[in-house]
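Quick notes on the structure that follows.
The values are calculated or read from the model by the stated rules, or taken from the named source; none is laboratory data. Note that the structure is a prediction, hence the values are computed from the model and not measured. Every residue, glycine as well, gets a Cβ built from its backbone with ideal geometry; the counts of neighbours run over all protein chains shown.
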Amino acid sequence: MSKLLAQITLPGNLGTVQFPPGRISASDTDPIGTFLSFVKSQFFLYAGIVAVLAIIYSGFMYITSAGNTEQAEKAKKNLTWAIVGLVLIMLSATIVYWVNRLMSGNFS
């Protein structure tokens, strides 16, 4: 069953606006859990995008260092930390997924 967090009827014959737009399904008794699930998924999505962009930027810095060892070392350091950040994001998403499954009793 799909649960809406908000539905606004627009004046006149303009229709309705739904938040979130039909993307989340949950029980009728847990709107806060539905909202937190939405926020969690959006957080991991955007954190992953930022981490990948940081990796691309670090690679660009390394390529354009043009023999400048100081800039090349800075790019390597940034790349290392961007990869560490991406790994931490993936690990935390996995931990949150398993904790959520354990708490909900859904082991199948």
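May I ask you to list the residues in the stretch 7-40 that are exposed (fewer than 14 other Cβ atoms within 10 Å of the Cβ) and either modelled with pLDDT of 80 or more or among the acidic types (Asp, Glu) (or both)?
Asp28, Asp30, Leu36, Val39
Taking the stretch 42-51, which residues are surrounded by fewer than 15 Cβ atoms within 10 Å (Cβ to Cβ) and either touching a helix residue (DSSP H, G or I) at 6+ places or on another chain (Cβ under 9 Å) or not polar (S, T, N, Q) (or both)? If you could, list the steps in order and put the result at the bottom.
Step one: list which residues in the stretch 42-51 are surrounded by fewer than 15 Cβ atoms within 10 Å (Cβ to Cβ), which gives 42-43, 45-46, 49-50.
Within the stretch 42-51, Phe43, Leu45, Tyr46, Ile49, Val50 qualify.
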